Every structure is written in C-alpha cells, then in structure tokens.
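Chemist: First the structure, then my questions, so here it is.
The values are calculated or read from the model by the stated rules, or taken from the named source; none is laboratory data. Given the structure is predicted, the values throughout are model-derived calculations rather than measurements. Positions of Cβ are backbone-derived with ideal geometry, glycine not excepted, and every protein chain shown enters the neighbour counts.
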Amino acid sequence: MRVGLLTGGGDCPGLNAAIRAVVKHGEGHYGHSIIGFRNGWKGVVDGDVMPLRREHIRNVLPVGGTLLGTARFHPHAGNGGLEAVTATLEAERIEALICIGGDGTLHAASKVAETGVKIVAIPKTIDNDVEGTDLSIGFHTAVNIATEAIDRVHTTAESHNRVMVVEVMGRHAGWIAVTAGIAGGAELVLAPEEPFDIDQVVKFLKHRHRAHANFSIVVVAEGAMPREGSSMDYTTQVGKYGEIIAGAIGEKVAHEIEQRTGFDTRVTILGHVQRGGSPTPTDRILGSRFGVAAMDAIASGRTGVMTALRGETVELVDLAEIAGKVKHVPMDLLRTAQTLA
Ligand code: F6P
C-alpha cells in the first residue's frame, strides 16, 4: 500500500519522531511505501513528493522542526486546491494520507476527507489547543522552554527590582501561559480565556510591592486581551490574514504597568524560541505513539479519524467532530495560576 504523509502549519519539536514512527512501523511491520509531501498541503497541491524510507529517518529523534518542511496553506480556500489534491493523490497512487498538523491543517484534512480521501490525522501544536486530545506534539517542549525562560527572567527581575512581562505564544488558548506561569512561579498570568482588567493588575502589583516584594513576573499569552469597558485602550493587532501579531499585547501591558505604577518594567517576547530545538522525551514518545497508532488505524480500516491522547491511552476520535474547534484551558487550571499569585 502507498501511504502519503505531510506536516502542516507551524513546526514544533517532536514532528520528526512522528514521521520516524510512521515510516518504521509502516515499512517494517506492514510493508507499505511511505510517500512524503513537502511543505504541508502545498506539497500535495504541487505534487512535491519525496520517498520516505528507513534511511531517511535515521538519527532524527532529537532533531527539532520537520524533515518534510511545512507551510500554512489551505487547499480548500478555492482556486482548485481540492481538485489538485485529488489529482496528485491519484497520480501518486496514494491510498491513505496521514496529516500531522494543528487547527488549520486538521480543518483542511476534514475538508479533504469529505471528498472521499482516506485520512488519519495526528495533532501537533505547541499551543495544545486541538480539541479531543489531552496533549498535542510540541506542547511539552514549549512549556519547558517557557518555564526555563521565566526562571531566568526571575533572577534578573529580583536583582533589578523590576516588573518583567514575559509574552508567550498562544493566540486562542493560554495553555503555555498558564502552565509555564505556574511552573515558573509567575505572579500574574493573562490568558485569552479570561479578559483582564488592567486596574486589577496594577492594584495587585502595587499591593505586592508595598507589602512584601520588590519584583514581579507577569506572563502574558499573545492572545490575551483587556476586558471590555476596562480602562486600557487596546485593539488586538492583526496581520493580513487576521492573525494576532506577536509582541503587541506584551509591549502594551508592560507600557501600561510602567505608566500606572512607576515601577521599572521590561518585556521579553519569547516568540519562535518556543518552537525550536530538540524535543523533550515526552514529545518524542508522544510523536512515536501517535505515528504507530496512525499506521495501525489505516491497517484496521479506521480513517476520517485523529489520534488522541486520553488519559494514559492513545485513542481515535472522529476528525469531523474536532476540526475547527479550540480546546481552551479549563477554569480550574486558570484558577490555580491565579491563586498562587
Ligand atoms: O503553531 C502555533 C504558533 O506557534 C502560535 O503559537 C503562534 O501564534 C503562531 O504559530 C505563529 O505563527 P508563525 O510561525 O506563522 O508566525
């Protein structure tokens, strides 16, 4: 059987572990041929293929990024994209396609599946906001990086008696902000799940600095926003595709804090540092488990599904049910971050 494989959307650590598992299990156990598409859905539309055999996946486990390349590309956005996908899959005699991606790639996967293509999806995104799975590939590594960054910022904040604002990724959900905020001991965490009141932020910081501390760490997700009607004038900054611009809210929050408190304040935008470098063992293991499960799903005739971690087990969930949905941080986790302020 010829099985296609692509990685789409933003890259993250752990993708190569999933690719490796698909190739090793597909070729070694089932005797399949694995055909890689370069640069996500764009490679399928363009017919940009590369063979994936065991020799292509040696020593890739500790390597970040994706050996297939990736792109933010939506074949269902018109201009004959879906027809081009079908034409390439026919030309390459692909019988099933494994798509590793986040919300955009999986939404595209569900649209392509509607045309009759047999698809198994694997969730990845450092944002951890794919619905239906407890964990997505890349999140664990990103939280490690963000936590280490907060630890580092901590010592310099304390030495200089400063407020440090640390902006982390997460446009629609605050998973990195909340978990790294807890792990790094941040005083405040601002996440998209709960619009903040800048007056409350300022009141809290003034009280803390008067009562018992001379420094503070404020972690802000890039999609955090002020509560409607609050005294901070801010319109979310978006790019040409409507995507939230990194750095804007972090800079604004830091500016407002400094203006309103008089405390020396600095901002650190972690940005793509969170997506780079070697994956943690957890992400390598998760990618490996999802890769094996995706291959087994195809072998057992289960397609139109996504591999998902539910508790300790990997299960299959219907792609149509989760595509286009955002998994938000639950309130109890958010409260833990706020309680420990
Ligand atoms: O892949 C998810 C993500 O890292 C988000 O956290 C972030 O908002 C976005 O991608 C950045 O995208 P790009 O790499 O296209 O700037």
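Chemist: Would you say Thr307 is among the polar types (S, T, N, Q), in contact with a strand residue (DSSP E or B) (Cβ under 9 Å, 6 or more places away or on another chain), more than 16 Å from the ligand (Cβ to nearest atom) and assigned to a strand (DSSP E or B)?
Modeler: yes
Chemist: Further, regarding this structure: With the structure loaded, tell me whether Ala341 is touching a Leu at 6+ places or on another chain (Cβ under 8 Å) and under 27 Å from Val120 (Cα atoms) or whether it fails that test.
Modeler: no
Chemist: While we're looking at this one, here's another question. Taking region 2-40 on its own, how many of its residues are more than 15 Å from Met295 (Cα to Cα) and not acidic (Asp, Glu)?
Modeler: 13
Chemist: Let me ask something additional. Cβ-Cβ below 6 Å, separation at least six or inter-chain, first residue in region 8-36 and under 20 Å from Glu95 (Cα atoms) and touching a residue at least 60 places away in the same chain (Cβ under 8 Å), second of a type in the set (A, V, I, L, M, F, W, C) and within 16 Å of the ligand (Cβ to nearest atom): which pairs?
Modeler: Taking only residues 6 or more apart or on different chains, the pairs are Gly8/Trp41; Ala18/Ile100; Ala18/Ile122.
Chemist: Only one of Ala246, Ala293, Ala224 is assigned to a loop (DSSP other than H, G, I, E, B), under 25 Å from the mean Cα position of the chain (by Cα) and closer than 26 Å to Ile100 by Cβ. Can you tell me which?
Modeler: Exactly one residue qualifies, and that residue is Ala246.
Chemist: Of the residues Ser278, Ser288, which is in a helix (DSSP H, G or I), over 23 Å from Ala221 (Cβ atoms) and out of contact with any strand residue (DSSP E or B) (no Cβ under 9 Å at 6 or more places or on another chain)?
Modeler: Ser288
Chemist: Exactly one of these conditions fails for Ala186: (1) more than 20 Å from Thr336 (Cβ to Cβ); (2) part of a loop (DSSP other than H, G, I, E, B); (3) more than 16 Å from the ligand (Cβ to nearest atom); (4) not acidic (Asp, Glu). Give me its number.
Modeler: (1)
Chemist: Then there is this: The conditions are (1) over 25 Å from the mean Cα position of the chain (by Cα); (2) surrounded by 19 or more Cβ atoms within 10 Å (Cβ to Cβ), and Gly43 fails exactly one of them. Which is it?
Modeler: Condition not satisfied by Gly43: (1).
Chemist: Does region 67-115 hold any residues that are hydroxyl-bearing (Ser, Thr, Tyr) and within 16 Å of the ligand (Cβ to nearest atom), and which are they?
Modeler: Thr70, Thr105
Chemist: Here's another thing I want to ask about it. In region 285-297, how many are within 11 Å of Arg20 (Cα to Cα) and in contact with a Gly (Cβ under 6 Å, 6 or more places away or on another chain)?
Modeler: Total meeting the criteria: 1.
Chemist: If you take the residues in region 28-40 that are over 17 Å from Val120 (Cα atoms) and away from the ligand (no atom under 16 Å from the Cβ), which one is surrounded by the fewest Cβ atoms within 10 Å (Cβ to Cβ)?
Modeler: Selected residue: Gly31.
Chemist: Okay, next question. In the set Val238, Val314, Val273, Val329, which member is away from the ligand (no atom under 16 Å from the Cβ) and among the β-branched types (Val, Ile, Thr)?
Modeler: The conditions single out Val314.
Chemist: Identify the single condition in (1) within 20 Å of the chain's Cα centre (by Cα); (2) at pLDDT below 95 that Tyr234 does not satisfy, given that it satisfies every other one.
Modeler: Just one mismatch for Tyr234, condition (1).
Chemist: While we're here: So which residues in region 1-26 are away from the ligand (no atom under 16 Å from the Cβ), aliphatic (A, V, I, L, M) and closer than 14 Å to Ala297 by Cβ?
Modeler: Within region 1-26, Met1, Val3, Leu5, Ala21, Val22 meet the criteria.
Chemist: Out of all the residues in region 93-131, which are among the β-branched types (Val, Ile, Thr), surrounded by fewer than 24 Cβ atoms within 10 Å (Cβ to Cβ) and farther than 19 Å from Val49 by Cβ?
Modeler: Thr115 - this is the single residue of region 93-131 that is among the β-branched types (Val, Ile, Thr), surrounded by fewer than 24 Cβ atoms within 10 Å (Cβ to Cβ) and farther than 19 Å from Val49 by Cβ.
Chemist: Could we say that Asp151 is assigned by TED's automatic domain parsing to the domain that holds Gly262 and either surrounded by fewer than 23 Cβ atoms within 10 Å (Cβ to Cβ) or in a helix (DSSP H, G or I) (or both) here?
Modeler: yes
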